[in-house]
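Below is one structure; the comments refer to it alone.
The values are calculated or read from the model by the stated rules, or taken from the named source; none is laboratory data. Only a predicted model underlies this, so the values are computations on that prediction, with no experimental measurement involved. So basically every Cβ, Gly included, is an ideal-geometry build from the backbone, and we count neighbours across all protein chains shown.
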Amino acid sequence: MSDDDGQGLGWYSSRQRTLIPLDDRFRYPKSLRRAINQERFETAISRDFLAVVDGCANRDTTWISDDLKEIYWELHQAGWAHSYETWQDDQLAGGILGLSIGGAFIGESMFYCIPEGSKVAMVKLVEHLRSRRFLFFDAQMMNPHLARFGAYVIGNRDYRKLLKQGLTMPCTLV
């Protein structure tokens, strides 16, 4: 991620990781169910990858520097980085930026332009990962928003075992 001064990149790791469950522990609010059932949003994978990266970086303070944007673009061109998007008509409503490596989906960031755009993206991404038999969805750091969806924390030792297993799986996002 970009260092505090925005002048360099650093490698960061934590002792705990937050996972979004891909099983029956995944849940979401009834109010969001209504939005999904209304079919207001269409989903797409990497339809406008760069717009999702820009949306994720469009904050008062961001760790996604211009250098990281370029790196994500190169990873996207190589087939590793993807965006999972929601669209309303022809407007990008929200999206999730992540890396897909074997059976691991590592979420980097998410954003929305239209209310519930990123939440619907998360629900639909979980459904997609399940259908593609991914082992896990790594959200990296816990927050109250993710907790509402059933996210849970695992220790570094367990995460490394899971990652080792996931990297050997022949899953693809697209």
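Just a few scattered comments:
- Applying the criterion of being crowded, with 17+ Cβ neighbours inside 10 Å and polar (S, T, N, Q) to the residues of the stretch 106-135, the residue that is farthest from Arg160 (Cα to Cα) is Ser118.
- Of all residues in the stretch 70-119, those satisfying the criterion of being within 14 Å of the chain's Cα centre (by Cα) and of a type in the set (Asp, Glu) are Glu85, Glu108.
- Selection of the stretch 18-46 for residues being in a loop (DSSP other than H, G, I, E, B) and hydroxyl-bearing (Ser, Thr, Tyr) yields Tyr28, Ser46.
- Sole residue being among the polar types (S, T, N, Q) and within 13 Å of Val52 (Cα to Cα), chosen from Ser131, Ser83: Ser83
- Subset tally (residues that are at pLDDT below 95 and surrounded by 13 or more Cβ atoms within 10 Å (Cβ to Cβ)) for the stretch 15-27: 1
- Cβ-Cβ under 7 Å pairs, at least 6 apart or on other chains, the stretch 45-65 side over 15 Å from Leu99 (Cα atoms), far side among the charged types (D, E, K, R) and surrounded by 14 or more Cβ atoms within 10 Å (Cβ to Cβ): Arg47/Glu85; Asp48/Glu85; Ala57/Lys69
- Selection within the stretch 78-93 - part of a strand (DSSP E or B) and either within 11 Å of Leu125 (Cβ to Cβ) or out of contact with any helix residue (DSSP H, G or I) (no Cβ under 6 Å at 6 or more places or on another chain) (or both): His82, Ser83, Tyr84, Glu85, Thr86, Trp87, Gln88, Gln91
- For the stretch 52-68, a residue qualifies if it is in a helix (DSSP H, G or I) and buried (at least 16 other Cβ atoms within 10 Å of the Cβ), and the qualifying residues are Val52, Val53, Gly55, Cys56, Ala57, Leu68.
- Residue within the stretch 154-161 that is crowded, with 20+ Cβ neighbours inside 10 Å and under 14 Å from the mean Cα position of the chain (by Cα) present: no
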